[in-house]
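The block underneath contains the structure these notes are about, expressed in structure tokens.
The values are calculated or read from the model by the stated rules, or taken from the named source; none is laboratory data. Worth saying up front: this structure is predicted, and the values here are computed from it rather than measured. Here Cβ is always computed from backbone atoms with ideal geometry, including for glycine, and neighbour counts include all displayed protein chains. When the accessible area is computed, the model is the full protein with side chains, heavy atoms only, and any ligands, DNA or RNA have been set aside. Shrake-Rupley method; radii C 1.70, N 1.55, O 1.52, S 1.80 Å.
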Amino acid sequence: MPPHDTTDSQLATLLHQIRACTACAQSLPLGPRPVLHVSPRARLLIASQAPGTKVHETGISFNDASGDRLRAWLGMDRDLFYDTEKVAIVPMGLCYPGVLPQGGDRPPRPECAPLWRQRILDHLPNIRLTLLVGSYAQNHILGKGKVFERVEQFARYLPTYFPLPHPSWRTGMWERRTPAFGEIIIPALRREVARALQD
């Protein structure tokens, strides 16, 4: 029996527990529906924010315009992006948290990451690179800081982490006035992702 079978079984048990979680059910406008994509053999980890409505509806992470933008940055097609044998996607909040009164998504529920995140990561022993997508992932892992400054200084965090802005439409203006993002950061991102995924 291959040695990873035990890890697969343990991860399956953990995922069953996660999908039964009701820790913050009363605060979730659409109810609990944890969305994550993991395998013990994944080499790239995408640490993101929390599901949006389309992700909640479909159960597929980044199944929206933000996902299209992130895949474009990575130069990655959907087949590879959703290949859990290579890419794991674990948001800071596993369920859709709702929207703020003034618009925009609510932050990930604060109960979620302390409850589940490290337990999930313990079953991902082969991660070589973690993409920190947006402020919540960056602040959770790196401490408080400014997203765009970290993105521009990405080399400081290699080879373990690569900070990225959240791939929402709001980032477009920053992209347009930051030519280094397309000229330097994106090529470096694709090189580091290729390195993480190579056999």
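A few remarks follow.
- The Cβ shell under 10 Å around L28 holds other residues with a net charge of +3, Lys and Arg each +1, Asp and Glu each -1.
- Expressed per residue, the C-alpha convex hull volume of the stretch 105-199 stands at 108 Å³.
- At most 14 other Cβ within 10 Å, DSSP loop - GluC sites (Glu not before Pro), the stretch 33-125: E85, E111
- Annotation: the antiparallel percentage among DSSP beta bridges lying fully within the chain is about 15.
- Figure legend: label point modelled 7 angstrom from the Cα of R33 along Cα→Cβ; residues of the stretch 51-71 with amide N under 18 Å from it are 51-67.
- Apolar share of the accessible surface for the stretch 87-199: 53 percent from carbon plus sulfur atoms, 1.4 Å probe.
- Whole-number percent relative contact order across the chain, with pairs defined as alpha carbons under 8 Å at least 6 apart: 24
- Looking at the stretch 170-199, the trypsin sites (Lys or Arg not before Pro) that sit in a DSSP loop and have at most 12 other Cβ atoms within 10 Å of their own Cβ are R170, R177.
- With the simple model of a label 7 Å out from the Cα in the direction of the Cβ, R195 to W174 spans 2.3 nm.
- A straight line joining the Cα centroids of the stretch 80-117 and the stretch 162-199 runs 20 Å.
- Per-pair calculated FRET efficiency, R0 = 22 Å: T58 and R119 via Cβ, rounded to 0.05: 0.35
- On a per residue basis, the chain carries 51 Å² of accessible surface, using protein heavy atoms and a 1.4 Å probe.
- N139-A12 pseudo-label distance in nm [points 7 Å out on the Cα-to-Cβ vector]: 3.9
- Kyte-Doolittle mean at least 0.0 and Cα axial length at least 15 Å: DSSP H helices in the chain: 186-197
- Evaluated at q = 0.09, 0.11, 0.15 Å⁻¹: base-10 log I(q)/I(0), Debye formula over Cα of the stretch 22-168: -0.25, -0.38, -0.74
- Helix-only [θ]222 nm of the chain, DSSP H runs n ≥ 4, -39500 (n - 2.57) each, per residue, nearest 500: -9500 deg cm²/dmol
- Reachable aspartates and glutamates from K86, criterion Cα separation under 18 angstrom, eight or more residues apart if same chain: D5, D8, D77, D122, E192, D199
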